[in-house]
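Single-structure report; data block below.
The values are calculated or read from the model by the stated rules, or taken from the named source; none is laboratory data. Quick caveat: nothing in here was measured; it's all calculated off a predicted structure. In this analysis, Cβ positions are derived from the backbone assuming ideal geometry, glycine residues included, and neighbour counts consider all displayed protein chains.
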Amino acid sequence: MGEVREAPPQADHTTRVERVYREDGARLWRAMVAFTGDPDTASDVVAEAFAQLLHRGDVVRSPQRWVWRAAFRIAAGELKRLRQTPPPSTQHLAGFDEGALDVMAALQKLPMKQRAAVVLRHSFGYTPREIAGVLRVAPPTARVHIARGLKKLRVALEEDDDED
Amino acid sequence: MRTEDRLRELGRMRAPDLWPDIRSRQPSEELPVRLSRLVTVAVALAVAAAGLGLAAVAFLGEPKYRAVAPASPTPTPMRPAITTPPPDPNHEANHSDPWGAPTALSVICTRDGIQMLSTEVPAQPDGVHVIVDNLGGARIVHAHLKGPPPVPHHDRSLTVGVRPHGVARELAPWPPGPVELSCHGQEMNERRETVHVTDPQGLWVSDALACRETVEFERESFLFNADMEAAVRDNVRGVLPTDEILRAGYPHDRNPAATALVVRDGDPVAALLLIYVGSEGGWYPFIGEICVGSGIMGA
């Protein structure tokens, strides 16, 4: 999210949104996979966030930032809903290597904000200030989420290694 | 491998192309801009009140009413307060929020309750713009005003309409300050979240009166006028030619019920609720409060 390149003003809204999608869609999807631990949920969340961006027309002035924020919000709601239903089958994770699966499983043990902060910081290189913007918290709070999340993740991964 | 390196690996997964799915989720038509249900209710109330009033006049025979010929088929907004700067057409471009805070509040209603994509929204000349995505079958979004009462006779709980499924764009007359919102529907979590309405353009005009002792406005005449200021001057005795008539709330509010302030030497001395009756082509003062000692309506 560091380099924000806006489409020229003459480009219509759909073109502008598609450009944002081409620039950020894959990264956002990966972040959502790491955040939700489920590629299908990630695909649904990303598609929903971009679809909402399309519906909103030009009222959104920073679509790139808006869609990241929206995706995390939608994903958080989706995760709360999924908690009340049986866990999904892990069949759809067959294409992922074991190391990635371990990290994703360990990430699910973190509280949502810590998980989002760790993923954004260490998988995508966001600054604490940018993370603060996505999570709607103060930058020092974002730093705390990153540090605590990483510490918990290390413990969770070590526990997994010990179990193996 | 270090935890940080393992996390970095996650950033290299191959992502699917979701663009066709995104496009297929888009509705084929641009969604219409709707006025809030509050407006609909206000119109209904206004028409009902006018009907009752006219019926009472017909049966009781007093006082003598005169309907002014309509000068305009739609409500004419009063001129904004002179202390209010005119709306800045370049407001969007001038906005300096580095995160690009939207001029509309985005609300999502899900079964788990309300989600808001921002905690702050700047008021616009016609009110607060709200976009409601109804993903959970909500029937309505409630707004609970946390600050002092905004405008006389406005309920502190103001609703925003929703579409059964999809996106609704609404205008809300919420004053600057904190507002608690909640989505309401069957088996829906009705928890509240707070949004702060800001007023960077100084649009909001408070209706607070400059006195403690007031009397209720008692209508003596029933003169409709397409111009709100004229409707006040025609119907309210004791308003001086030098008094200024201002509209409280937001200057371009499209609600057909509006509060007019009578301002004398800079002090608001009367607040009157006017309603617009389409069939009569004009506004008339319905109820209100007047400062004792102002001489208005003998007070």
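Could you list all residues from segment B:107-124 that are in a loop (DSSP other than H, G, I, E, B) and either facing another protein chain (nearest Cβ under 7 Å) or not polar (S, T, N, Q) (or both)? Within segment B:107-124, B:Arg111, B:Asp112, B:Leu117, B:Thr119, B:Ala123 qualify. Please count how many residues of segment A:49-65 are part of a helix (DSSP H, G or I) and at the interface with chain B (Cβ under 7 Å from one of its Cβ atoms). The total comes to 8. Being without any contact (Cβ under 8 Å) to a residue 24 or more places away in the chain and in a loop (DSSP other than H, G, I, E, B) holds for only one residue in B:Pro200, B:Pro241, and it is B:Pro241.
Scan segment B:135-144 for residues that are within 12 Å of chain A (Cβ to nearest Cβ) and in contact (Cβ under 8 Å) with a residue 40 or more places away in the chain and the total you get is 1. Within segment B:193-212, identify whether any single residue is of a type outside the set (Ser, Thr, Tyr), modelled with pLDDT of 90 or more and closer than 15 Å to A:Arg73 by Cβ, and answer yes or no. Yes: one or more hits.
Every residue, every condition in (1) of a type outside the set (A, V, I, L, M); (2) within 11 Å of chain B (Cβ to nearest Cβ); (3) crowded, with 22+ Cβ neighbours inside 10 Å; (4) farther than 28 Å from B:Glu120 by Cβ, yes or no:
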position	(1), (2), (3), (4)
A:Gln108	yes, no, no, yes
A:Met112	no, no, no, no
A:Val119	no, yes, yes, no
A:Phe124	yes, yes, no, no
A:Pro128	yes, no, no, no
A:Thr141	yes, no, no, no
A:Arg148	yes, no, no, no
A:Lys151	yes, yes, no, yes
A:Ala156	no, yes, no, yes
